[in-house]
1. When the Kirkwood hydrodynamic radius is evaluated over all pairs of different C-alpha atoms of region 27-71, what value in angstrom, to one decimal, is obtained?
2. Compute the FRET efficiency between HIS58 and LYS145 as 1/(1 + (r/R0)^6), taking r as their Cβ-Cβ distance and R0 = 35 Å, and round to the nearest 0.05.
3. Please go through the residue pairs LYS77/LYS145; LYS31/LYS91; LYS37/LYS145; LYS91/LYS145 and name each one whose alpha carbons sit more than 18 Å apart in this structure.
4. Give the calculated FRET efficiency between THR96 and ARG39 to the nearest 0.05, with a Förster radius of 41 Å applied to their Cβ-Cβ distance.
Amino acid sequence: MLGIGAGSIELQVNNLNFRPGEIIEGILILKLKSTTKARGLFIRLIGERTTTHVEGNHVSQRTGKIFDLPFQLDGEKDYPASPQGLSYPFKIVIPTNMSIGASPGGTLGTIANVAQMFLPFGSGQTKWFIYGHLDMQLAFDVSKKLQINIA
């Protein structure tokens, strides 16, 4: 078995809109079709930034991870079959010193935001996610990604 269809993850969070310093509270529900050996169960707060580059007539987009805050919910073991789901509560404190948007703050940030309006495709956009995954051995991970807003 390659892990495809091995199970699913459901993410439930207290809210979808947050500010730095606030707490994201939620539950990860792991549903497995059969007992599965895994390295661990994880929840992460991830920031991804997509930038658009224009050269002549060529337009390309790149997405890269700019922030990754991992938490281990459970360790290496055989995870039991759980069609009804195993619940793992979690709390993530959003750091107050993280870079939220595409631009710095203050006057420089204001100039950057105004300049961004005049660029053909903008200079970049950051999206925030809660990502839960079961890190399986010799198989594809069971995972779920939920977009949230941090402003």
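Just so you know, all these numbers are worked out from the coordinates, no wet-lab data involved. No experiment lies behind these values; they were computed from the predicted model shown. Positions of Cβ are backbone-derived with ideal geometry, glycine not excepted, and every protein chain shown enters the neighbour counts.
1. With all distinct Cα pairs of region 27-71 included, I get 14.2 Å.
2. Values: r = 29 Å, r/R0 = 0.83.
Efficiency computed from Cβ-Cβ geometry: 0.75.
3. In this structure, LYS77/LYS145; LYS31/LYS91; LYS37/LYS145 lie more than 18 Å apart at Cα.
4. That gives a FRET efficiency of 0.85.
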